[in-house]
1. Residue by residue, what Karplus-based ³J(HN,Hα) values in Hz, rounded to whole numbers, does the stretch B:239-244 have, using 6.51, -1.76 and 1.60 with θ = phi - 60° and x for Gly and Pro?
2. Modelling each spin label as a point 7 Å along the Cα-to-Cβ direction, I'd like the residue A:180/residue A:150 distance in nm, to one decimal.
3. Can you pull the Kirkwood radius for the stretch A:1-124, inverse mean 1/r over Cα pairs, to one decimal in Å?
4. Projected onto the charge dipole of the protein assembly as shown (+1 at Lys/Arg Cβ, -1 at Asp/Glu Cβ, origin at the Cα centre), which of A:35, B:70, A:54 gives the Cα projection farthest towards the positive end?
5. If you place +1 on the Cβ of every Lys and Arg, -1 on the Cβ of every Asp and Glu, and leave all else neutral, what size is the dipole of the protein assembly as shown about its Cα centre, to the nearest 20 Debye?
6. Go through A:96-106, A:66-76, A:82-92 and give me the packing order, highest mean Cβ count within 10 Å leading.
7. With point charges of +1 on the Cβ of Lys and Arg and -1 on the Cβ of Asp and Glu, referenced to the Cα centre of the stretch B:189-246, which listed residue (B:198, B:221, B:232) lies farthest in the positive direction of the dipole?
8. Under Stokes-Einstein, with the Kirkwood radius over Cα pairs standing in for Rh, what whole-number D in µm²/s applies to the stretch A:117-195 at 25 °C and 0.890 mPa s?
Amino acid sequence: MSKIVIPDSVLKVSGLGKIYGPITDGAIERTGSHVGTARDSQTGSIVAAWDVNFEVAAGEALGIVGESGSGKSTVLRCIAGDIDSSAGDVRLATFENGESNLLSLDAATRRKMRIDQVSVVYQDPAEGLALGVTAGGNIADPLTAAGWRNFEGIRARARDLLQRTEVPLDRMDDIVRSFSGGMRQRVQIARALANNPRLVLLDEPTTGLDASVASGVLDLIRGLLEEFELAAIVVSHDFSVIEMLTERCIVMHHGRVVENALTDQLLEDPHHPYSQKLVSAARA
Amino acid sequence: MSTAIATKPILDVRDLTKSFVLHNIDGRTVTGLHNVSFAVAPGQHLALAGTSGAGKSTLLRAIYRTYAPSSGEVWFRLSDDSVVNLAQISDPEIVALRGRQIGYVSQFLRAQPRRSVLDLVIRAGVSRGMNVADARELGILSLRRLNIGEQLWDVHTSVLSGGEKQRVNIAAGLISPPRLLLLDEPVSALDPENRESAIQLISELTHQGVAVLAVFHDLDAIARLATQIVVMQKGRIINNGPVDQILPLLHPGDVQP
């Protein structure tokens with residue numbers, strides 16, 4: 001028995017799967033990394049993700065890497081509840097003591113759970129923010145959803161969050177559409193933190209930003225993950241993002257997890273043929 | 001198990017082998033380490049010698065699990081005196097040991113470009129379980145010892161010179177002494193004066209009982225720091241003994257990077 005103390009996991013994902021189209025016998029065998037496609041040749045169904053298993057502890061960020069269409073965002077969206085899953089079990093230790101599978105909650109409970117516990121930062125700020133609303137208003141939205149009613153209290157919370165995410169306070173009452181890409185992403189992060197979530201899902205959080213802006217946003221994310229002891233999942237095709245934010249990661253290919261490794265090990269000693277190709281392409 | 005050995009080594013490596021299967025280069029297998037066995041006790045400083053490609057850095061990485069060992073055992077003694085096999089324990093367990101009980105300092109700074117020098121060192125301490133005030137105090141102490149002046153503390157690490165980066169790296173790596181310290185050419189880019197301070201610091205850690213496994217590219221550093229020398233060739237250990245026995249047999253060419 002090892003005496004190494006490791007933090008308890010906050011998120012436990014087992015057997016997660018998402019299939020678009022009819023699910024028929026043999027669909028799993030006819031798709032995946034070894035077949036070279038996620039599309040079932042007999043039915044045209046897409047096995048976007050299948051048999052995905054991992055755990056994430058508080059204060060830990062897990063990376064998901066893979067090329068476009070590998071299923072990484074699908075996994076994130078299934079956990080967030082943005083899309084319905086076809087199979088699996090997802091538990092949060094901080095929700096009903098981990099006794100409930102989030103995937104089988106009724107819609108109202110699920111929405112409430114999402115507001116209280118899980119936040120998503122999307123690649124496209126337009127997905128996570130109302131661009132025609134002010135920065136302050138965008139942060140007020142999840143707060144009122146969680147039951148905040150006092151106007152001054154909401155304003156104070158919004159100010160605090162914008163300060164933490166380094167958004168100038170004199171822009172608080174400007175509509176988000178007037179903000180630069182990097183600033184929009186900071187507002188999205190501020191909004192994501194509004195209700196002190198336990199789990200933050202980051203979907204390509206810096207893709208599309210200039211390198212210097214991206215490095216500032218990454219630094220901010222890293223600091224916040226540490227400060228609030230958040231459990232996080234970071235989806236990115238950019239290894240420098242994964243390297244900066246995570247200690248462990250999984251590699252997805254045609255809807256399947258093909259490797260599960262320490263991040264430095266994946267970069268220096270990848271095992272799966274696809275991981276080796278991915279890493280050498282990124283290093284070239 | 002390692003408990004049978006009287007000196008109770010902190011690190012006990014047995015038959016460690018590391019092969020790389022290169023799937024995209026005709027599936028060939030390259031073996032970097034062949035059945036490597038040795039042990040390091042508390043307060044011992046074991047220097048790895050051998051020409052370029054002998055497997056020195058590969059060995060450090062296989063112990064730290066940056067490379068996944070292919071076979072063999074890597075027994076590591078925890079602070080409660082129990083032992084774990086680093087080649088077998090889970091990834092989260094490795095993450096928990098890294099930085100806290102096993103330190104790794106290389107010639108390259110793996111730092112975030114926008115982080116300031118002092119912040120980087122403080123965070124290294126905090127990640128090892130220190131509170132911010134202690135980490136700050138100790139961080140400032142080790143930065144001063146390595147001649148990183150106050151004017152550089154709030155500067156981003158990306159603008160530092162190679163030698164400055166290396167010293168910041170050492171300060172961050174040593175802020176809270178681990179039980180096992182892996183050093184991969186930690187003083188290679190330093191000028192004589194700074195090299196001297198770094199060597200002093202490493203020597204003190206050894207005296208405090210840290211087990212050190214190091215690669216240096218000059219015989220002088222080995223002569224001053226090592227208690228034991230392991231000579232490697234083509235991924236195998238060809239000699240292992242006390243520094244006074246092995247050092248006279250070495251030529252400068254035997255420790256080239």
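1. Ordered by residue, 3J(HN,Hα) equals 7, 8, x, x, 4, 5 Hz.
2. Rounded to a tenth, the inter-label distance reads 3.6 nm.
3. With all distinct Cα pairs of the stretch A:1-124 included, I get 15.9 Å.
4. A:35
5. It works out to roughly 120 debye.
6. A:66-76, A:82-92, A:96-106
7. Toward the positive end, the furthest listed residue is B:232.
8. Stokes-Einstein gives a translational diffusion coefficient of 203 µm²/s.
Read-outs: derived from the displayed coordinates by stated rules, not from any lab. These numbers were taken from a predicted model, which means no experiment stands behind them. Every residue, glycine as well, gets a Cβ built from its backbone with ideal geometry; the counts of neighbours run over all protein chains shown.
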